[in-house]
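Asks: Would you mind keeping the following structure in view while I ask a few things?
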Amino acid sequence: MTARVVITGTDTGIGKTVFAAALTDALAGCYWKPVQSGLDGETDSEAVRRLGRIEARRILPEAYRLATPASPHLSARLDGVTIRPESLSPPPVEAPLVIEGAGGLLVPLTERAVFADVFQRWRFPVVLCARTALGTINHTLLSLEALRARSIPVLGVAFIGDEQADTERTIAELGGVRILGRLPRLDPLTPDGLRLAFRECFELDHFREVPA
């Protein structure tokens, strides 16, 4: 079985889809978004394909595509769809697989299940994407506690944003976690710029160490 890694975040809108695009490109891997909420405009799968210049065949179909841009449990209810968390299983592929959740770990999939429950069943290593902005220490440490409470393996933290050396060091020390690197905000955000920034800011060997 090839390596699989889950990308999650401390919150929504922090840039984990951009990070997932860069990682999928760097690993020459496949990308899978199990649940997509919101179909107006560019979806996360489409953004990953564009930003990472990923071939269409390496973007795997979502298990659930929900029209309403909301938490999956609410979006599914409004769309008249029943999400079955126990049915979510990564498609078999021969390349490294990057899996992106929605929002943070405790985002509800249903009224009784959150994304972390699915990650606990899979037990694939998780990359936790975190802002460098004010408030990130609390959010990141709480997310690490939620992962460890479920015995979900943590590959490390990937920061996104401007450098905040003290914040990054504090999270590493208090969280007892490896800092994988920091992806700066890119303006403009282009495929070439993203590829270059990722290679400058992250050691790819950290991700190649992921067990199969």
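Asks: So for the pair Ala56, Arg112, with labels modelled 7 Å out along Cα→Cβ, what separation do we get in nm?
Replies: Distance between the two pseudo-spin positions: 4.0 nm.
Asks: Tell me, what ³J(HN,Hα) does each residue in segment 97-106 have, in order and in whole Hz, if you take phi through Karplus 6.51 cos²θ - 1.76 cosθ + 1.60 with θ = phi - 60° and put x for Gly and Pro?
Replies: 10, 9, 10, 10, x, 10, x, x, 5, 9
Asks: Quick one: check the C-alpha center-to-center distance for segment 144-171 versus segment 73-97, whole angstrom.
Replies: 26 Å
Asks: When the accessible area of the chain is split by element with a 1.4 Å probe, what percent falls to carbon and sulfur?
Replies: 50 percent
Asks: Evaluate the relative contact order of the chain (contact order divided by residue number), counting alpha-carbon pairs under 8 angstrom at least 6 apart; express in whole percent.
Replies: Here the relative contact order equals 26 percent.
Asks: Leaving out ligands and nucleic acids, note down the accessible area per residue over the chain with a 1.4 angstrom probe, in whole Å².
Replies: 47 Å²
Asks: Then there is this: Based on the Cβ-Cβ distance from Leu39 to Asp205, what FRET efficiency comes out when R0 is 25 Å, to the nearest 0.05?
Replies: With a Förster radius of 25 Å, E is 0.10.
The values are calculated or read from the model by the stated rules, or taken from the named source; none is laboratory data. This is a predicted model, so every value here is computed, not measured. Note that we place each Cβ from the backbone using ideal geometry, even for glycine, and neighbour counts take in every protein chain shown. We work out accessible area using only protein heavy atoms, side chains counted, and drop any ligands, DNA or RNA first. Shrake-Rupley method; radii C 1.70, N 1.55, O 1.52, S 1.80 Å.
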